[in-house]
Amino acid sequence: MQGRLVLVVAALLAASGVALGAFAAHGLADRIEALGYAEQAAKRIDWFETGVRYQLYHALGLMLVTLVAVNQSSRGGFRIASIAFLLGIVLFSGSLYVMTLAPVEWRKLGAVVPLGGLSFIVGWVAVAYAAWGLKERQDVAVNRTA
């Protein structure tokens, strides 16, 4: 994916994360009750808020990774991180959103959530790997004596 497209996607993920967070704060409880899950409301709201939190963290991480990668000749690790973050948001946050609003039978989707978490971990490890390989700037004077 090209840097500009990734930044646009990351910004839209951040914007939708804020919107979903606002929905969680102002309308989710009523929606859960209307669906007939009032006795599970606290748990379901917690799932949703966790999904929003991780979506926002990784949307910002995706932006950061992309901005750093744009200025580097070696982008492989950053590309892997970007893909892993996007996949993690879909699997982790997406599964939690569906589980929040879907019937109890859909709780089997909870088995997908750890795969999203693993994708996030892979993404951060890829960032560390890519960062380790970065060349340090050489334009700073090494020996300054006055």
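Quick one: would you say Val65 is under 19 Å from Ala128 (Cα atoms) and in contact (Cβ under 8 Å) with a residue 12 or more places away in the chain?
Values: under 19 Å from Ala128 (Cα atoms): yes; in contact (Cβ under 8 Å) with a residue 12 or more places away in the chain: yes.
When the stated conditions are applied, Val65 passes them.
How many of the residues making up the stretch 23-42 are of a type in the set (Gly, Ala, Ser) and under 28 Å from the mean Cα position of the chain (by Cα)?
Step one: filter the stretch 23-42 for residues of a type in the set (Gly, Ala, Ser), giving 24-25, 27, 29, 34, 36, 38, 41-42.
Pick out the ones that are also under 28 Å from the mean Cα position of the chain (by Cα) and you get 24-25, 27, 29, 41-42.
Adding up the residues that qualify gives 6.
Taking the numbered list (1) over 17 Å from Ile121 (Cβ atoms); (2) touching a residue at least 60 places away in the same chain (Cβ under 8 Å); (3) surrounded by 15 or more Cβ atoms within 10 Å (Cβ to Cβ); (4) β-branched (Val, Ile, Thr) in turn, Val70 passes all entries but (3). Scanning the stretch 17-45 for residues that are within 27 Å of Gly61 (Cβ to Cβ) and surrounded by 15 or more Cβ atoms within 10 Å (Cβ to Cβ) turns up Gly17, Leu20, Gly21, Ala24, Leu28, Arg44, Ile45.
Looking at Val98, is it in contact (Cβ under 8 Å) with a residue 12 or more places away in the chain and under 18 Å from Ala19 (Cα atoms)?
Numbers: in contact (Cβ under 8 Å) with a residue 12 or more places away in the chain: no; under 18 Å from Ala19 (Cα atoms): yes.
Considered against the rule, which asks whether it is in contact (Cβ under 8 Å) with a residue 12 or more places away in the chain and under 18 Å from Ala19 (Cα atoms), Val98 comes out as no.
Table: residues versus (1) buried (at least 20 other Cβ atoms within 10 Å of the Cβ); (2) closer than 15 Å to Ile121 by Cα; (3) at pLDDT 95 or above; (4) within 9 Å of the chain's Cα centre (by Cα).
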| site | (1), (2), (3), (4) |
| --- | --- |
| Leu64 | no, no, no, no |
| Phe78 | yes, yes, no, no |
| Phe85 | yes, yes, yes, yes |
| Leu91 | yes, yes, yes, no |
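Note on the stretch 1-58: among residues that are over 20 Å from Pro103 (Cα atoms) and not in a helix (DSSP H, G or I), the one that is modelled with the highest pLDDT is Gln2. One residue stands out in the stretch 101-116 among those that are more than 13 Å from the chain's Cα centre (by Cα) and among the β-branched types (Val, Ile, Thr): the one that is farthest from Phe23 (Cα to Cα), namely Val112.
The values are calculated or read from the model by the stated rules, or taken from the named source; none is laboratory data. None of these values were measured; they are calculated from a predicted model. Glycine also receives a Cβ, built like all others from the backbone with ideal geometry; neighbour counts cover every protein chain displayed.
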